[in-house]
Amino acid sequence: MSTPNTQDPETLNELSDAYDRLRAEIGKVIIGQEEIIEMVVVCLMARGHALLIGVPGLAKTLLVRTLAGALDLDFSRIQFTPDLMPSDITGTEIIQETTEGSRHFEFAAGPIFANVILADEINRTPPKTQAALLEAMQENHVTAGGETHALDEPFFVLATQNPIEQEGTYPLPEAQLDRFMLNVWLDYPSFDQEVEVVRSTTAGPQATPEPVMSAQELRRYQDFVRQIPVADNVIQYAVRLVSQTRPDAAEAPEFITTYLSYGAGPRASQYLVLGAKTLAALDGRMTPVEEDVRRMAIPVLRHRIVPNFNAEAENISAVDLIERLLDDDR
């Protein structure tokens with residue numbers, strides 16, 4: 001595949017038009033949730049993975065399945081349960097017998113061998129199984145029986161968590177949360193949106209999305225996004241914003257040192273810039289601006305900063321602290 005020319009406005013226009021068509025196809029099935037759809041597409045285009053948090057019944061599974069259908073990609077849903085084993089996800093070696101009677105081991109691929117993976121309720125399975133998924137996300141391959149099996153590209157994992165009923169769950173540690181590019185919270189629909197959801201889902205067959213982008217086109221757009229140029233001031237703004245979340249840093253505001261135990265690491269700065277690049281490309285712009293970084297701040301930083309006891313006592317959340325940082329930096 002040839003390297004895309006990031007100075008070619010034709011490729012940029014193609015990507016922006018493809019995004020408009022993608023949103024239109026997803027909109028046939030998903031009512032509202034425009035910001036959630038945008039962030040999921042940004043994560044996909046940036047070759048990241050997303051953690052989607054929302055109560056049951058908000059169409060998380062339908063959203064991911066619809067996205068995969070509109071992109072003509074293989075979709076796999078893994079329901080995480082307390083008895084799920086790592087091999088249930090990655091696959092295992094099984095004994096096969098030939099017609100001549102000889103036997104040999106053969107790798108049977110697990111459900112992770114797909115383009116789009118929905119890891120449903122990832123916090124309901126033990127750490128060993130969580131680690132198997134997260135290792136595959138990081139390395140883009142699976143090792144079984146001493147052999148390495150590459151995962152198909154594009155490869156996108158969207159893991160979900162239910163914020164209620166936490167008894168008996170296995171929360172992801174901060175080091176594993178950091179592997180997700182974005183943490184996106186799915187809210188209840190508005191009254192009008194819920195009326196439309198009920199109307200469209202209780203009368204006749206539901207709409208299905210038509211593929212508007214092939215896997216090859218998606219990979220080309222992913223390469224294009226990576227090579228978009230970014231001005232130094234935008235990179236410096238992203239790094240400065242992340243640095244201010246670290247309580248021990250000289251540039252940290254007083255409220256950060258008061259309410260945070262730990263701040264975000266360098267991966268947050270990388271994802272802020274990658275997300276800003278992608279937002280600019282989807283909007284038809286050749287380079288991002290500081291406002292693009294600001295728009296990515298909450299989903300990138302929310303799961304990377306750790307409020308302390310003072311914040312919990314005063315009911316101050318991670319999002320409250322990020323919003324205050326953004327307000328003070330205007």
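Observations on the structure shown:
- Hits in region 59-90 (condition: more than 15 Å from Thr129 (Cβ to Cβ), touching an Asp or Glu at 6+ places or on another chain (Cβ under 8 Å) and of a type in the set (A, V, I, L, M)): Ala68, Ala70
- Residue within region 189-201 that is among the aliphatic types (A, V, I, L, M) and not in a helix (DSSP H, G or I) present: no
- Complete set of residues in region 249-270 that are touching a residue at least 12 places away in the same chain (Cβ under 8 Å) and either touching a Pro at 6+ places or on another chain (Cβ under 9 Å) or not in a helix (DSSP H, G or I) (or both): Ala249, Pro253, Ile256, Thr258, Tyr259, Leu260, Ser261, Tyr262, Gly263, Ala264, Gly265
- Hey, Gly275 part of a helix (DSSP H, G or I), within 25 Å of the chain's Cα centre (by Cα) and of a type in the set (Gly, Ala, Ser) or not: yes
- Only one entry in Pro163, Pro154, Pro171 is out of contact with any strand residue (DSSP E or B) (no Cβ under 6 Å at 6 or more places or on another chain) and over 23 Å from Leu274 (Cβ atoms), namely Pro171.
- Region 71-108, residues that are surrounded by 15 or more Cβ atoms within 10 Å (Cβ to Cβ) and either modelled with pLDDT under 85 or part of a loop (DSSP other than H, G, I, E, B) (or both): Leu71, Asp72, Leu73, Phe80, Leu84, Gly91, Thr92, Glu93, Phe107
Yes/no per residue for (1) among the charged types (D, E, K, R); (2) more than 21 Å from the chain's Cα centre (by Cα):
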position	(1), (2)
Met85	no, yes
Glu93	yes, yes
Ser102	no, yes
Pro111	no, no
Val116	no, no
Ile122	no, no
Thr125	no, no
Thr129	no, no
Ala136	no, no
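- Residues that are closer than 21 Å to Tyr170 by Cα and of a type in the set (Ser, Thr, Tyr) within region 62-82 comprise just one, Thr81.
- Among residues of region 179-217, those that are on the phi > 0 side of the Ramachandran plot and in contact (Cβ under 8 Å) with a residue 24 or more places away in the chain, counted: 0
- The test for being within 20 Å of His49 (Cβ to Cβ) and either at pLDDT below 95 or surrounded by fewer than 20 Cβ atoms within 10 Å (Cβ to Cβ) (or both) does not hold for Ile316.
- Cβ separations smaller than 9 Å between residues 6+ apart or across chains give the following pairs from region 121-142 residues that are surrounded by 18 or more Cβ atoms within 10 Å (Cβ to Cβ) to residues that are among the basic types (Lys, Arg): Leu134/Arg179; Met137/Arg179.
- Pair list, Cβ < 7 Å and 6+ apart or interchain, from region 312-330 residues that are more than 16 Å from Pro247 (Cβ to Cβ) and in contact (Cβ under 8 Å) with a residue 24 or more places away in the chain to residues that are among the aromatic types (Phe, Trp, Tyr) and not in a helix (DSSP H, G or I): none
Yes/no per residue for (1) within 20 Å of the chain's Cα centre (by Cα); (2) modelled with pLDDT of 90 or more; (3) closer than 29 Å to Val195 by Cα:
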| position | (1), (2), (3) |
| --- | --- |
| Glu10 | no, no, no |
| Gly32 | yes, no, yes |
| Ile36 | yes, no, yes |
| Val41 | yes, yes, yes |
| Leu44 | yes, yes, no |
| Gly48 | yes, yes, no |
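- Checked against the criterion of being under 24 Å from Leu73 (Cα atoms) and either in contact with a strand residue (DSSP E or B) (Cβ under 7 Å, 6 or more places away or on another chain) or touching a residue at least 12 places away in the same chain (Cβ under 8 Å) (or both), the candidates Thr287, Thr245, Thr278 yield just one match: Thr278.
The values are calculated or read from the model by the stated rules, or taken from the named source; none is laboratory data. None of these values were measured; they are calculated from a predicted model. Backbone-built Cβ (ideal geometry, glycine too); neighbour counts: all protein chains shown.
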